[in-house]
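Trainee: Below is the structure I would like to discuss, written out as structure tokens.
The values are calculated or read from the model by the stated rules, or taken from the named source; none is laboratory data. Just so it is clear, the structure is predicted and the values come from calculations on it, not from any experiment. Cβ placement follows ideal geometry from the backbone for every residue including glycine, while neighbour counts extend to all protein chains displayed. For the accessible areas, the whole protein counts, side chains as well, though only heavy atoms, and no ligand, DNA or RNA atoms are used. Shrake-Rupley method; radii C 1.70, N 1.55, O 1.52, S 1.80 Å.
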Amino acid sequence: MHAFYSSIPASAEGCAPGAPCAPLDDFLVFSASGADALPFLHGQLTQDVTGLPLDTARLAGYCTAKGRLLATLVMWRAAPGADDAPQLYGLVRRDLSEALLKRLSMFVLRAKVKLAATALNVAGVQATTEQAAALEAVTGALPRAPWQRVDLPSGTWIAAPSANTRLRWWWIASDEQLAQSSALAGALSLVPATHWQVADLAAGIPWIASATQDVFIPQTVNLELVQGVSFTKGCYPGQEVVARSHYRGTVKRRMAYGTIDQAGGQSAALAGVDVFDATQPGEPIGRVVDAASEAGVASVLFETTLAALPQGDLRLGAEDGPRITVGPLPYSITP
């Protein structure tokens, strides 16, 4: 963790005056450089890479030929530069980043593309309207609409979706930018990564990790509902499967949000755990996509059948496991 974060006052029982800032060491930023970087990734990801505006970020997925997700990422285009300068950046879970870059590199062939992990630092910042005003007094104007982005002297700020009225940003900065951001520390309060992750889950953002690779198609983790899939951009690995599910209206499984009391200590290992319906003993009906805990309550995103959500008695890990209390997402998952 960069020394800058140590200069941020720690949150005192969640009541520190500064905007909560969580270093996200479990995430990594990679770059794609070279004259062919954009068309190459356009042909690999579920997102319209070449048509992405410079002031915008988007979610994207990388799939197998069978349409199963190997990764989800937040991607954004870099400002125009020389051919060998970064053309695009991607934010991914660190535990799958090495395998992702290795697999993508296998398909580069003669294209002029270089994929590499960067040393950029990632943090998540949340703020009330008042806290945002204090931040902007130091940083300059920050984006307010989800998925808008801006490059400032302090780094790249990407507005993240939120389940409530709080503003949220991914803040990506180099070591040099953090070293020059000492004035910003006073407008922040340091919180653990789980504080940000719980808010990500409530917002319905589907992060694929190593435990859930090659399990879900994009629609079953709601990727197209959070602007992570383009159905007009053309071919990419798994495109036929994803398009068929979309146009035939055959999506009967979706990702839902829930909480589990007294499951906080388990949350780090919950990704990939089966979900059962106690009213229908037998085979599992779903699987946990992602989880995090705070104050003794685990928040989970889990994939299941739409039919199980209204009436089911959903349990974690076994038919008599901890009960999952289903909560609302900020977008509709029903047709």
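Trainee: Measure off 7 Å from each Cα along the Cα-to-Cβ vector at Thr232 and Ala65, then give the distance between these two points in nanometres to one decimal.
Mentor: About 3.0 nm separates the two model spin labels.
Trainee: Excluding same-chain residues fewer than 8 positions from Lys114, which aspartates and glutamates have a Cα within less than 12 Å of its Cα?
Mentor: Output for Lys114: Asp36, Asp83, Asp84.
Trainee: Mind running the shape call on segment 106-195? Use the C-alpha gyration tensor, a ≥ b ≥ c as the square roots of the eigenvalues: rounded below 1.5 for a/c, prolate if a/b tops b/c, oblate otherwise.
Mentor: prolate
Trainee: Could you give the distance between the Cα centres of segment 41-69 and segment 97-126, to the whole Å?
Mentor: 13 Å
Trainee: So, in nm, how far is label Met1 from label Ala116 when the simple model puts each one 7 Å beyond its Cα toward the Cβ?
Mentor: 2.8 nm
Trainee: Report Leu306's accessible area, 1.4 Å probe, all protein chains in place, as a number in Å² to the nearest 10.
Mentor: Its accessible surface works out to 40 Å², give or take rounding.
Trainee: Using 1/(1 + (r/R0)^6) with R0 = 51 angstrom and r between the beta carbons of Gln280 and Asp95, what's the FRET efficiency to the nearest 0.05? Intermediate results must be reported in sequence, preceding the final value.
Mentor: Numbers: r = 33 Å, r/R0 = 0.65.
The pair Gln280/Asp95 has a calculated efficiency of 0.95.
Trainee: Still on this structure, I have one more. Nearest 0.05, what FRET efficiency do Val297 and Val150 give at R0 = 41 Å with Cβ-Cβ as r?
Mentor: So, using R0 = 41 Å, E works out to roughly 0.75.
Trainee: Give me Rg/Rg_expected for the chain, where Rg uses Cα atoms only and Rg_expected = 2.2 N^0.38 Å with N residues.
Mentor: On the way: Rg = 19.9 Å, N = 335, 2.2 N^0.38 = 20.0 Å.
Normalised Cα radius of gyration, the chain: 0.99.
Trainee: Run the 1.4 Å probe and let me know the accessible area of Asp200, rounded to the nearest 10 Å².
Mentor: 10 Å²
Trainee: Right, another one. Accessible area, 1.4 Å probe, largest first: how do Val198, Val74 sort? It would help to have the intermediate numbers written out before the result.
Mentor: Working: Val198 25, Val74 0 Å².
The residues order as Val198, Val74, largest area first.
Trainee: Taking 30 Å as R0, compute the FRET efficiency from the Cβ-Cβ separation of Thr50 and Arg248 and round it to 0.05.
Mentor: Result of the calculation: an efficiency of 0.65.
Trainee: Starting from the amide H of Ser174, placed 1.01 Å from N in the peptide plane, find each other amide H under 5 Å away whose residue is 5 or more places distant or on another chain.
Mentor: The list, which skips near neighbours in sequence, is Asn121.
Trainee: 7 Å from Cα along Cα→Cβ at both Ala183 and Arg323: what's the point-to-point distance in nm?
Mentor: My value for the distance between the label points is 5.3 nm.
Trainee: Here's another thing I want to ask about it. Pull out the extension gain between Asp25 and Lys102, defined as 0.36 nm times the separation in residues minus the alpha carbon to alpha carbon distance; nm, one decimal. Intermediate results must be reported in sequence, preceding the final value.
Mentor: Numbers: separation 77, 0.36 × 77 = 27.72 nm, distance 2.07 nm.
The span from Asp25 to Lys102 would gain 25.7 nm if fully extended.
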